[in-house]
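Take a look at the structure set out below.
The values are calculated or read from the model by the stated rules, or taken from the named source; none is laboratory data. All values reported here derive from a predicted model rather than from experimental measurement. No Cβ is skipped: glycine too gets one built from the backbone with ideal geometry, and neighbour counts run over all protein chains shown.
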Amino acid sequence: MKHTFTSTRLCIVRVALFSWLALIVSVASAQVATATYTLDNVIMHNDYTGHRGDNDLQMTGTFTWAYDVGDFENGDGTFSELFIPWLAPSDYDLLTISFDIGKSIEFTRGGISGHDAGIDVILFFEQALTPTGSTLIDLDKSKFDIGGNGFIKGYFTDGSISSVPIPDGDVDGDGLVDVADLLIAMQILNGQYIPTQAEQNRWDVAPLVNGSPQPDGQNTLGDYVVLQQKVIGQLNF
């Protein structure tokens, strides 16, 4: 009876272990990519002529867009850096950021007092963003209203959203060259993962000429060795 119980328990453990491993393989095999963008020369003009101080200030920021390959529009955006003129430090914690990656980004916050009608800053794009493409800000549509009291309200006079180039060796496209890229490269070499063309291009880092990658259109063990040296800090390109 004791032997039967032990065997049954081992069987359950094995099933759980196999299920866990299958989940890890499934997650690791998902073709997830990340694109990074910056707000370039985005200038906000405050209409209120009685405002004390500069009426033209620059909004800055950097955000990433994580998406499943083949489904760019239905991803998730996250700002790693953000500065909006005239906002207090506490305002940022309360902001809601809504992405429509093909059309706009909107920053909102509800009013927090009887004299505060909240924040609404919206950037419309002239063209839809793509994984490697940039766009100008649509100056006719983009606008802002901070505080709702008419003192900080206006439009944009310049600006674009620019794609940040992906570094050599960044297989997953998250802006970093790290162990995650090595794992994907090893899976590709072992035939455990079928890469996209973009992923193949990103880790085509061999041979090196004068310390810089010279892609040869192939993904081999040589590319993996160069990538490994980059990750552990033996190479800097």
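Is at least one residue of the range 155-171 under 30 Å from Gly53 (Cα atoms), among the acidic types (Asp, Glu) and at pLDDT 90 or above? Yes, because at least one residue in the range 155-171 is under 30 Å from Gly53 (Cα atoms), among the acidic types (Asp, Glu) and at pLDDT 90 or above. Summed over the range 52-69, residues that are modelled with pLDDT under 85 and surrounded by 15 or more Cβ atoms within 10 Å (Cβ to Cβ) total 1.
crowded, with 16+ Cβ neighbours inside 10 Å, assigned by TED's automatic domain parsing to the domain that holds Gly147, over 30 Å from Gln200 (Cβ atoms) and at pLDDT below 95, is that true of Leu87? Here the answer is yes, as Leu87 does meet what is asked.
Residues in the range 146-195 that are surrounded by fewer than 14 Cβ atoms within 10 Å (Cβ to Cβ) and among the polar types (S, T, N, Q) were compared, and the one that is farthest from the chain's Cα centre (by Cα) is Asn149.
Got at least one residue in the range 117-133 being assigned to a loop (DSSP other than H, G, I, E, B), loosely packed, with under 13 Cβ neighbours inside 10 Å and of a type in the set (D, E, K, R)?
We begin by selecting, within the range 117-133, every residue assigned to a loop (DSSP other than H, G, I, E, B); these are 117-118, 126-133.
If we keep only those that are loosely packed, with under 13 Cβ neighbours inside 10 Å too, we end up with 132.
Okay, now just the ones that are also of a type in the set (D, E, K, R), so none.
Looking for residues that are assigned to a loop (DSSP other than H, G, I, E, B), loosely packed, with under 13 Cβ neighbours inside 10 Å and of a type in the set (D, E, K, R), one finds none in the range 117-133, hence no.
Only one of the numbered conditions (1) surrounded by 14 or more Cβ atoms within 10 Å (Cβ to Cβ); (2) modelled with pLDDT under 95 is violated by Gly114, and that is (1).
Remark: Phe72 matches the filter, which requires a residue to be of a type in the set (Phe, Trp, Tyr), in contact (Cβ under 8 Å) with a residue 12 or more places away in the chain and buried (at least 16 other Cβ atoms within 10 Å of the Cβ). What are the residues in the range 47-65 that are among the hydrophobic types (A, V, I, L, M, F, W, C), in contact (Cβ under 8 Å) with a residue 60 or more places away in the chain and over 13 Å from Asp100 (Cα atoms), if any? Across the range 47-65, the qualifying residue is only Met59.
Gln218 fails exactly one of the following numbered conditions: (1) touching a Phe, Trp or Tyr at 6+ places or on another chain (Cβ under 6 Å); (2) surrounded by fewer than 15 Cβ atoms within 10 Å (Cβ to Cβ). What is the number of that condition? Result: Gln218 fails condition (1) only.
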